[in-house]
Amino acid sequence: MDFRIIKSPSNGAKDILKKRIGVNCKVDLDSIDAIGLVQGKLIDMIYAIDIAEKAAGVTVEDIKGTCPQHMVLLGIFGDTSSVESAIKEIKQRMKEGK
């Protein structure tokens, strides 16, 4: 799994995410402080969604794209400390589960 956190995301980053998430986006991207990006296998990403939403006050969205390795990209949205907590919890739980 790959992880990145964008603090104070630029308008360009938000615009690209809006396009990739599509019309069903449940997050107001203009009001978020941070974006956590998590990429990995589908089975791990579904597990990561559950962990993130239970661990912190964040919203998770599937970021659509094309990848020949069947990797999935998730966006974790919220305030900076909540996004950081969610990513930390995902890393910890994934490490324990393997």
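The values are calculated or read from the model by the stated rules, or taken from the named source; none is laboratory data. Since we're looking at a predicted model, the values are computed, not measured. Reconstructed Cβ throughout: ideal geometry from the backbone, glycine too, with neighbour counts over all protein chains shown. Please note that ligands, DNA and RNA were not included when accessible areas were found on the heavy atoms of the full protein model with its side chains. Shrake-Rupley method; radii C 1.70, N 1.55, O 1.52, S 1.80 Å.
Near Gly12: Cβ cut-off under 14 Å, other residues only, Lys/Arg at +1 and Asp/Glu at -1. The net charge is +2.
Percent of accessible area on the chain owned by carbon and sulfur, 1.4 Å probe? Here carbon and sulfur together make up 50 percent of the probe-accessible area. Using θ = phi - 60° in the Karplus curve 6.51 cos²θ - 1.76 cosθ + 1.60, the 3J(HN,Hα) couplings for region 33-40 round to 9, 8, 10, x, 10, 10, 10, x Hz; x is entered for Gly and Pro.
For chymotrypsin sites (Phe, Trp or Tyr not before Pro), no site in the chain is both called loop by DSSP and has at most 12 other Cβ atoms within 10 Å. Computed from phi, the 3J(HN,Hα) profile of region 8-19 under the Karplus parametrisation 6.51, -1.76, 1.60 (θ = phi - 60°) reads 6, x, 6, 4, x, 5, 5, 4, 4, 5, 4, 5 Hz, with x in place of Gly and Pro.
Report the charge-dipole magnitude of the chain in Debye, nearest 20, computed about the Cα centre from +1 at each Lys and Arg Cβ and -1 at each Asp and Glu Cβ.
Working: 15 positive and 14 negative charges, 62 e Å.
Once rounded to the nearest 20, the dipole reads 300 debye.
Residue by residue, region 49-56 carries 3J(HN,Hα) couplings of 4, 4, 4, 4, 5, 7, 7, 8 Hz when phi is fed to the Karplus relation 6.51 cos²θ - 1.76 cosθ + 1.60 (θ = phi - 60°); x denotes Gly or Pro. With 18 Å as the limit, the listed pairs Lys26/Lys88; Lys41/Lys64; Lys41/Lys91; Lys19/Lys88 have Lys26/Lys88; Lys19/Lys88 beyond it between alpha carbons. Inter-part distance, region 71-90 to region 12-41, computed on C-alpha centroids, equals 12 Å.
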